[in-house]
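J.: Take a look at the following structure, please.
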Amino acid sequence: MSGPSFPELHFYDGARHEKWRIPVLHNDEAIIACNKPSGLPVIPERWHPEWPCLRSIAIERLNMPIFVVHRIDAGTSGLLLFAKTASAHRELCRQFVRHLVEKTYLALVKGEVIEEALTIQRPIAPNPRRPGVMMMARHGKSAVTAIRVVERFLGFTLIEAQPQTGRQHQIRAHLQAIGHPLLVDPIYSQTGAFFLSSIKADFHLKKEKTEQPLIRRLTLHASALRFYHPERKNLITMTAPEAKDFQATIRNLRKYAAR
């Protein structure tokens, strides 16, 4: 029996001065899936544990206990799955640990990826000089990411990434390692925003106006999950549409950076 419908969770975050609007993509007796906005962590942040996170907002708004099954970076948008019962949590965690869950991300990267598809197999370890940052390391943990080109632009590529392992910052670090970091990634590409003026030749700004970026967060979106329902046992695929800023960036790349 399916649970009640929650088309969207609304929450004013006083700590970040942000109004979060979180679409609920699926809700039944065992699981609930949300389309997480960029900037909102899944669980409490290390330095501000009292600040709201997706889990705390969902618990408050849904008025029920929920269990974290997996995580994505705070700056990454997209599909996030929670369990609503202890048994569903155990089963979903088993699937994630055994790599039975197929995870798909969309990423906008710098440069034109030549290969139509490739698999990146490079071990990853924490960077000893930069806390919280990962790096390629011979003696690191094994990490595998499958890449497929979706669309090429002049100087940019939209790709689909499927991580076969779940290392911290895996997709971001792997993309940097092959010379195609995310279009916007303050850590791995040293870029904090992407502007229309960088691709539109005749761009002009009105006097005393400041150009606003097309996108100012990680150009990485968790777009789909394929897994077995923990109670019904059927194989299901869930998808999450990209946020407006991600879609707007793609539209402008098609218009001003078409190949």
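The values are calculated or read from the model by the stated rules, or taken from the named source; none is laboratory data. Note that the coordinates shown come from a computational prediction; the quantities given were computed from them, not determined experimentally. Every residue, glycine as well, gets a Cβ built from its backbone with ideal geometry; the counts of neighbours run over all protein chains shown.
Matching residues to (1) surrounded by fewer than 16 Cβ atoms within 10 Å (Cβ to Cβ); (2) of a type in the set (A, V, I, L, M):
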position	(1), (2)
Tyr105	no, no
Val109	no, yes
Val133	yes, yes
Arg138	yes, no
Thr157	no, no
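J.: Select, from Asp185, Asp245, the only residue that is in contact with a strand residue (DSSP E or B) (Cβ under 7 Å, 6 or more places away or on another chain), at pLDDT 95 or above, acidic (Asp, Glu) and crowded, with 21+ Cβ neighbours inside 10 Å. Working first, answer last.
T.: Values: Asp245 fails: crowded, with 21+ Cβ neighbours inside 10 Å.
Residue meeting the stated conditions: Asp185.
J.: Can you tell me which residues in segment 30-53 are loosely packed, with under 14 Cβ neighbours inside 10 Å and either under 15 Å from the mean Cα position of the chain (by Cα) or closer than 23 Å to Leu225 by Cβ (or both)?
T.: Answer for segment 30-53, where residues must be loosely packed, with under 14 Cβ neighbours inside 10 Å and either under 15 Å from the mean Cα position of the chain (by Cα) or closer than 23 Å to Leu225 by Cβ (or both): just Ile43.
J.: Could you tell me whether Ile215 is touching a Phe, Trp or Tyr at 6+ places or on another chain (Cβ under 6 Å) and either modelled with pLDDT under 95 or among the β-branched types (Val, Ile, Thr) (or both)? Before the answer, list the steps.
T.: Working: touching a Phe, Trp or Tyr at 6+ places or on another chain (Cβ under 6 Å): yes; either modelled with pLDDT under 95 or among the β-branched types (Val, Ile, Thr) (or both): yes.
So Ile215 fits the description; yes.
J.: Is it the case that some residue within segment 188-197 is in contact with a strand residue (DSSP E or B) (Cβ under 7 Å, 6 or more places away or on another chain), modelled with pLDDT of 95 or more, buried (at least 16 other Cβ atoms within 10 Å of the Cβ) and not polar (S, T, N, Q)?
T.: Within segment 188-197, one or more residues are in contact with a strand residue (DSSP E or B) (Cβ under 7 Å, 6 or more places away or on another chain), modelled with pLDDT of 95 or more, buried (at least 16 other Cβ atoms within 10 Å of the Cβ) and not polar (S, T, N, Q).
J.: When the residues of segment 179-190 are narrowed to those that are out of contact with any Leu (no Cβ under 7 Å at 6 or more places or on another chain) and not hydrophobic (A, V, I, L, M, F, W, C), which ends up nearest to Gly39 (Cα to Cα)?
T.: That would be Pro186.
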